[in-house]
Amino acid sequence: MITIKIGGSRGINMDYVCDDAAELHKAGQKIILVHGAGNEANELGEKVGYPAKHVTSPQGFSWRYTDRQTLEIYTMAAVGKINTFLVEALQKRGVNALGLSGVSGRVMEGTRKDAVRIIEGGKQRILRDDYTGRVEKVNAELLRALLDMNYLPVIAPLAISYQGDAMNVDGDRAAAIIAGAVGAEKLIILTNVVGLMKNFPDESSLITHIDKRQVEASIDFAEGRMKKKVLGASEALKLGVPQVVFADGRVEHPIQNALAAKGTVIE
Amino acid sequence: MITIKIGGSRGINMDYVCDDAAELHKAGQKIILVHGAGNEANELGEKVGYPAKHVTSPQGFSWRYTDRQTLEIYTMAAVGKINTFLVEALQKRGVNALGLSGVSGRVMEGTRKDAVRIIEGGKQRILRDDYTGRVEKVNAELLRALLDMNYLPVIAPLAISYQGDAMNVDGDRAAAIIAGAVGAEKLIILTNVVGLMKNFPDESSLITHIDKRQVEASIDFAEGRMKKKVLGASEALKLGVPQVVFADGRVEHPIQNALAAKGTVIE
Amino acid sequence: MIAQLSAKITAECPECAGALALNGNTLKGEIVTCSDCGAELEITGINPLTLDLAPQEEEDWGE
Amino acid sequence: MIAQLSAKITAECPECAGALALNGNTLKGEIVTCSDCGAELEITGINPLTLDLAPQEEEDWGE
């Protein structure tokens, strides 16, 4: 069984990803897809006149400040648009895909940060209405039941807090926790780059292999969003996932390339 | 097992519906919820500058012309917003709700009208890009499996065509087909009126009982959207659902009222 | 905007080959009836003008 | 818009009761450090002004 994270960023070719997933699924490969929603949510926010606001923690991590109105926009983009049409694309290729957000069946549960510290205009401030959180528990029983009935679960990056609030979660980390919980043999993270590079964006500096004990150190090679993907990889490895692969989601057969170790393999 | 249709129209009190559903579910009552999306989709269309366009068939039925862009807006409203936050509301009340659109797991499948006849400005015209259709088949096996695992399925009014296209479907008719397919004892249709009335809107003219053999005739008492609800009721009865109840979704305990035959009972 | 004819035009009915007078604002997708054989025809294309027998489809309750 | 103080004000530190000078554009939710005891305080309310010990919360990767 493999877990595949499809990035929300531009450049990833969804047709190539769906073609490959369908081919593998029909050959008996059990798959769980987890997707992001970054761009779509930003675009929708602009269209409805409530643009996404990103905030940064004192430690330098940035994320989308998700007040209740932003949560609605994020959910419409992530669950309404991306998830549904990814499921449609897979159905069109003869795969019985089944879309879920983490809110449904408490597929992804965790702690909502009811008090988040940000830094803005040189001032530190506490945000209390940020519907953002961390995935800590996964309903592996439901996911396994769906896999046994030959469905292909497609998970949107939304979880539910222990108090029952929907919350925006980091898709990479969510994919890692899911992979760990269902005992995936591999976590494949498809992005719009060839993999981790020593000197970004020089593709010839692709790092093809990283020993899992050095994964934390490899964060220095990661640019911007890739930082979170490396954190996700390290989380998955800690949870017992034997192998994590960063592969290029822009080319044909992206998943089979990853299975053939084309990209950055961490094990 | 009962199927409950929650109208998309204004006035229905979602808190009352969720309170009641949670109470019944915890008492062991198996429930499938089906909801509409009319208003939300219209509002979102206005906000993103692509307002919903309704068209009318020569026979006088009107529906939302769902070209591809409208389908995206409809899906964001129906699956993204209404479905997800209905599931959140039920989760908050301790019910393990699980949201699905009919595209997922081919929960609702049917024929897309690839050529639809409309009348506009006195001229009859054929529309070929209308992602609208009729539910003809239901994945009852999946719904039963979810019920057996004690989930409360919440279904959004979107189905998939045999060719694999997502399509907008009539929520009332969808609820009827689902009720028939899963062998529901009752189909409860919650609306923003007390039930069917002889002289709408005079509530004292409420029709409390209709023999199922007269259901088609009772369409004459139905105003606007209620026509479709009566067609849905008659469809459910034809499929063997023993009883259909129209009940008021604006008051407390709307479902228990329906179970106690408060509203219009057709059997 | 729906494509439409720019001027009056006479077309040939695909069923009976009769002459079919179409006025200037005929729309793409419009249904016209042939005055000779009474067949219902669909304007399937404007530039170039193409016609076909209009599909008979059942009642639709889509929402 | 985030609520903020309209003018300079001196408040009392909830930890050590020391005097806490707050300038005019202090925001709701802002974290200020008490110059006497060094405690990190959160402006939990503006009208009326309320203060509390700022929560220490873990690293957050939310997206």
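No lab work stands behind these numbers, since they all come straight from the coordinates. Note that this is a predicted model, so its numbers are computed, not measured. When we count neighbours, we look across all protein chains shown, and the Cβ atoms used for this are built from the backbone with ideal geometry, even at glycine.
Per the Debye formula with a single identical scatterer at each Cα and no solvent contribution, what log10 I(q)/I(0) holds for segment B:111-267 at q = 0.18 Å⁻¹?
Log10 of I(q)/I(0), two decimals: -1.14.
Quick check: Cα centre of segment B:192-267 to Cα centre of segment B:66-126, how many Å?
For segment B:192-267 versus segment B:66-126, the Cα centre distance is 24 Å.
Provide the percentage of antiparallel DSSP beta bridges, counting only those with both residues in the protein assembly as shown; round to the nearest 5. Don't jump to the answer; show the numbers that get you there.
Values: 67 of 125 bridges.
Once the DSSP bridges in the protein assembly as shown are tallied, antiparallel ones form about 55 percent.
Bin width 5 Å, alpha-carbon pairs only: give the P(r) of segment B:174-267 as whole percents, running from 0 to the bin holding the largest distance.
3, 16, 28, 27, 19, 6, 1, 0
So for segment C:9-53, Kirkwood radius off the Cα pairs, Stokes-Einstein at 10 °C and 1.306 mPa s: how many µm² s⁻¹? Each step should come with its number before you reach the end.
Details: Rh = 10.2 Å.
Once the numbers are plugged in, D ends up at 155 µm²/s.
Give me the percent relative contact order of chain A, please, defined on Cα pairs under 8 angstrom at least 6 residues apart.
Here the relative contact order equals 23 percent.
What residue in chain A has the Cβ closest to the axis turning A into B, and how close is it in whole Å?
A:G80, 1
Going 7 Å from Cα along the Cα-Cβ axis for the label, what nanometre distances separate A:Q59 from the same residue across the other copies?
Its label point is 6.2 nm from the equivalent points in the other copies.
Please state, to two decimals, what the Cα-based radius of gyration of the protein assembly as shown comes to when divided by 2.2 N^0.38 Å (N = residues).
Ratio of Rg to 2.2 N^0.38 Å for the protein assembly as shown: 1.09.
Anyone know which of B:S161, B:S62, B:S104 comes out most mobile in the 10 Å Cα GNM of chain B?
B:S62
Which Cys in the protein assembly as shown stand alone, with every other cysteine's Cβ at 4.7 Å or more from theirs?
So, A:C18, B:C18.
What are the semi-axes of the equivalent ellipsoid of segment A:141-196, taken as the square roots of 5 times the eigenvalues of the Cα gyration tensor, listed largest first and rounded to whole Å? All intermediate terms of the calculation are to be shown ahead of the outcome.
Numbers: eigenvalues 87, 69, 21 Å².
Calculated on Cα positions only, the semi-axes equal 21, 19, 10 Å.
Taking Cα atoms of segment A:72-133, Rg/Rh with Kirkwood Rh, to two decimals? If you can, show how the numbers build up before the last one.
On the way: Rg = 16.9 Å, Rh = 14.3 Å.
Result for segment A:72-133 is an Rg/Rh of 1.18.
Of all trypsin sites (Lys or Arg not before Pro) in segment B:167-206, which ones are in loop regions per DSSP and have a Cβ with at most 12 other Cβ atoms within 10 Å?
Listed in order of number, the matching sites are B:K198.
One decimal, nm, shortest first: give the distances between the label point of A:F200 and those of the same position in the other copies, each label point 7 Å from Cα along Cα→Cβ.
Its label point is 5.9 nm from the equivalent points in the other copies.
Work out how far the C-alpha atoms of chain A reach from end to end along every principal axis, then list the three figures in whole Å, largest first.
Cα extents, longest axis first: 52, 41, 34 Å.
For the pair D:E40 and C:T33, how long in nm is the line joining their label points, each one 7 Å along Cα→Cβ?
It works out to 8.0 nm between the two label points.
Restricting to segment B:45-157, what percent of DSSP beta bridges are antiparallel, rounded to 5?
Details: 13 of 18 bridges.
That works out to approximately 70 percent antiparallel.
Averaged over B:81-91, how many beta carbons belonging to a partner chain fall within 10 Å of each residue's beta carbon?
Working: counts 6, 2, 6, 14, 5, 1, 9, 12, 2, 2, 11.
Whole-number average of other-chain Cβ neighbours for B:81-91 is 6.
What does the charge dipole of segment A:141-267 about its Cα centre add up to, to the nearest 20 debye, if the Cβ of each Lys and Arg holds +1 and the Cβ of each Asp and Glu holds -1?
Details: 13 positive and 16 negative charges, 18 e Å.
Here segment A:141-267 has a charge dipole of around 80 debye.
Distance cut-off 21 Å, Cα to Cα: go down the list B:K186/B:K238; B:K186/B:K229; A:K113/D:K8; A:K30/A:K229; A:K53/A:K137 and report the pairs above it.
Details: B:K186/B:K238 13 Å; B:K186/B:K229 15 Å; A:K113/D:K8 31 Å; A:K30/A:K229 23 Å; A:K53/A:K137 28 Å.
Among B:K186/B:K238; B:K186/B:K229; A:K113/D:K8; A:K30/A:K229; A:K53/A:K137, the Cα-Cα distance tops 21 Å for A:K113/D:K8; A:K30/A:K229; A:K53/A:K137.
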